[in-house]
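The block underneath contains the structure these notes are about, expressed in structure tokens.
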Amino acid sequence: MQLRHLRYFVALADERHFGRAADACNVSQSTLSAALRLLEEEIGAPLVERDKRFKGLTAQGVALLEWSRRILAERRRLDQEIAALQDGLSGELTLGAVPAALPTIGLLTTAFHRRYSNVRLTVVSRTSNEIQRALDEFALDAGITYLDNEPLHRVRATTLYEERYILLTPADGPFAGRRDVGWAEAADASLCLLTPDMQNRRIIDGIFREVDKTPRVLVETNSVMTLCSHIRTGAWSSVFPHNFLWVFGTPAGMLTLPLVAPVRTHAVGLVVREEDPPSPLARALEAVARDLGMAAELERSATTLAG
């Protein structure tokens with residue numbers, strides 16, 4: 001059983017298509033199929049349900065998949081340890097972040113790059129549930145997600161900041177001249193929000209339920225860029241985490257108003273798999289996160305840019 005055969009098998013399970021899996025591994029489809037046959041011979045059972053195309057994994061395939069992900073992750077960790085001893089930290093680190101954290105993700109990745117310039121970073125947008133699943137499956141090295149709203153398991157967490165909420169709304173709209181706005185009032189605005197599969201939206205909906213209001217949501221999107229595009233037109237209102245001000249500021253013709261009655265905050269932080277010992281890259285990222293002071297930076301920018 002060779003590591004590359006396990007990589008091909010994991011790629012097939014992820015892609016659920018022989019051709020795409022072969023492309024992901026930079027091999028021919030015949031090479032991938034031959035490796036799969038060798039694995040099946042060694043296991044002594046079929047691993048994939050198939051006729052002319054991939055249909056799913058057998059029970060034996062599911063068992064091998066979990067083992068394969070763990071073995072490949074252990075090999076990556078070994079490579080990182082050896083590299084750190086020889087030339088300092090290097091390799092690849094894949095970080096998943098919930099959409100609400102993406103506007104300020106550069107604060108963390110830039111600080112990490114300045115300290116470990118030989119590490120290649122990949123940042124992907126994922127829901128909180130996808131981040132947990134990808135960590136369990138060794139598909140992510142770390143995640144930026146909510147820490148206190150929905151259960152997390154088998155992770156170590158480092159708090160980055162406390163997310164609080166603002167209403168971005170047209171300056172010539174019904175809240176002109178206000179210094180803040182209540183959630184019950186905000187519910188009646190023409191709102192553009194993230195989709196309900198996003199934990200940020202579930203948090204917002206939960207606060208609206210607290211004040212016994214159903215928000216008037218006229219546009220939904222799973223894209224932060226699309227959300228900001230609508231706000232820039234000056235025709236919509238939206239509930240944003242305050243960290244958005246760090247990158248976008250307050251658009252011309254808009255007001256930034258703190259949301260009150262109630263005031264709610266939720267912790268956002270870095271999560272990595274609970275391993276002993278942790279991978280060198282995960283350990284290094286945790287150290288950078290602890291030293292970063294992101295919360296103070298976001299408060300400074302929110303105070304400066306809210307007007």
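Listing for the model above:
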item	result
Distance (nanometres) between label positions extended 7 Å along Cα→Cβ at residue 110 and residue 213	3.5
Value at 222 nm in deg cm²/dmol, rounded to 500, when DSSP H runs of n ≥ 4 in the chain each add -39,500 (n - 2.57)	-14000 deg cm²/dmol
Where only C-alpha atoms are counted, convex hull volume of the stretch 226-297 per residue in Å³	136
Pairs of alpha carbons in the chain whose separation is greater than 31 Å (percent)	42
Test item: Cα-centred dipole of the chain, Lys/Arg +1 and Asp/Glu -1 on Cβ, debye	440
Chain lengthening between residue 299 and residue 276 when straightened (0.36 nm per residue, less Cα-Cα)	4.8 nm
14 Å beta-carbon shell around residue 242, net charge (K/R +1, D/E -1)	-2
Neighbour net charge for residue 155 - beta-carbon separation under 15 angstrom, K R +1, D E -1	-4
The stretch 184-307 - percent relative contact order, Cα under 8 Å, separation 6 or more	26
Distance in nm between pseudo-label sites at residue 78 and residue 287 (7 Å out along the Cβ direction from Cα)	2.4
Inter-site label distance for residue 86 and residue 263 at 7 Å from Cα along Cβ, in nm	5.4
Full-extension gain in nm, residue 49 to residue 233, via 0.36 nm per residue minus C-alpha separation	61.2 nm
Gyration tensor over alpha-carbon atoms, the stretch 162-212, equivalent ellipsoid semi-axes in Å	20, 12, 11
Cα Rg, Dmax, the stretch 54-123, angstrom units	16.6, 45
Neighbourhood net charge (12 Å Cβ-Cβ; Lys/Arg +1, Asp/Glu -1) for residue 221	-1
DSSP beta bridges in the chain [antiparallel fraction, %, rounded to 5]	60
Fully extended contour minus Cα-Cα distance, from residue 20 to residue 136, at 0.36 nm per residue	39.5 nm
Mean-position separation - Cα centroids, the stretch 263-287 and the stretch 36-80, in angstrom	29
Tail weight of P(r) past 18 Å, computed on alpha-carbon pairs of the stretch 3-71, percent	25
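Where a number appears in this text, it was derived from the coordinates with a stated rule and is not lab data. Because the structure is predicted, anything quoted here is derived from the model rather than measured. FYI the Cβ positions are ideal-geometry reconstructions off the backbone, even for glycines, and counts take in every protein chain you see.
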